[in-house]
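Notes follow the structure.
The values are calculated or read from the model by the stated rules, or taken from the named source; none is laboratory data. Just so it is clear, the model here is predicted, and its values are computed rather than measured. In this analysis, Cβ positions are derived from the backbone assuming ideal geometry, glycine residues included, and neighbour counts consider all displayed protein chains.
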């Protein structure tokens, strides 16, 4: 009887730990994808032919057709796992904002940044993937057309900032939770992640500007 009770009490904790690890692993996979995606897009800095060549490789090998839906599935899984901790009720949100303003704790604000940008990325990322995967093949010409569309230009400007902030805050909070970022190295970790976010924004912004002024 005692053993049955013990197993029943421990089960939720074990389940929560497994879900937390799945959240971290899916997030790590998405971070690697984002970094690779940014490098791929930045290939346009070497010309339209380079960009088109890489895009053609991804499509000829099926990576675009298979990888796109796969990444979308991982992204949805990651959001569902993270949403367990997001307060969706109005009274919960009011309490959270009140505590954040009262405590003025940077880590609390970083959690809010992570949660808000995560929801924005889910919405905007779904739109981005739908547009790209339903208009294959990927070409520099199509990207230039999007860059010259006023609405889409602003869309991607907001999107790239959200992605950079979410990546940095997500890595930081995961590092703190699992003990890799401690009080003695927290300042250095924050500085490194701010640099990472800035580098990611810079790379994506330069690529977007290159598309805007590219002649194809």
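Applying the selection to the stretch 130-164, what residues are without any contact (Cβ under 8 Å) to a residue 24 or more places away in the chain, more than 23 Å from residue 69 (Cα to Cα) and part of a loop (DSSP other than H, G, I, E, B)? Matches in the stretch 130-164: 149 only. All conditions in (1) without any contact (Cβ under 8 Å) to a residue 40 or more places away in the chain; (2) in a loop (DSSP other than H, G, I, E, B); (3) closer than 23 Å to residue 67 by Cβ hold for residue 215, with the sole exception of (3).
Where in the stretch 1-119 are there helices (runs of 4 or more DSSP H), lying fully within it, with 3 or more residues that are over 30 Å from residue 136 (Cβ atoms) and either modelled with pLDDT of 90 or more or in contact with a helix residue (DSSP H, G or I) (Cβ under 8 Å, 6 or more places away or on another chain) (or both)? I'd like the intermediate steps shown before the answer.
Values: elements: 2-42, 48-60, 63-82, 90-103.
Counting at least 3 such residues, we get 2-42, 90-103.
Mind checking which residues of the stretch 165-198 are outside any helix (DSSP H, G or I) and touching a residue at least 12 places away in the same chain (Cβ under 8 Å)? Outline the logic, then answer.
The first filter runs over the stretch 165-198 and keeps only residues outside any helix (DSSP H, G or I), leaving 178-185.
Within the stretch 165-198, just 178 meets the criteria.
For the residues 209, 181, the requirement of being more than 19 Å from the chain's Cα centre (by Cα) and either at pLDDT 90 or above or surrounded by fewer than 18 Cβ atoms within 10 Å (Cβ to Cβ) (or both) singles out 209.
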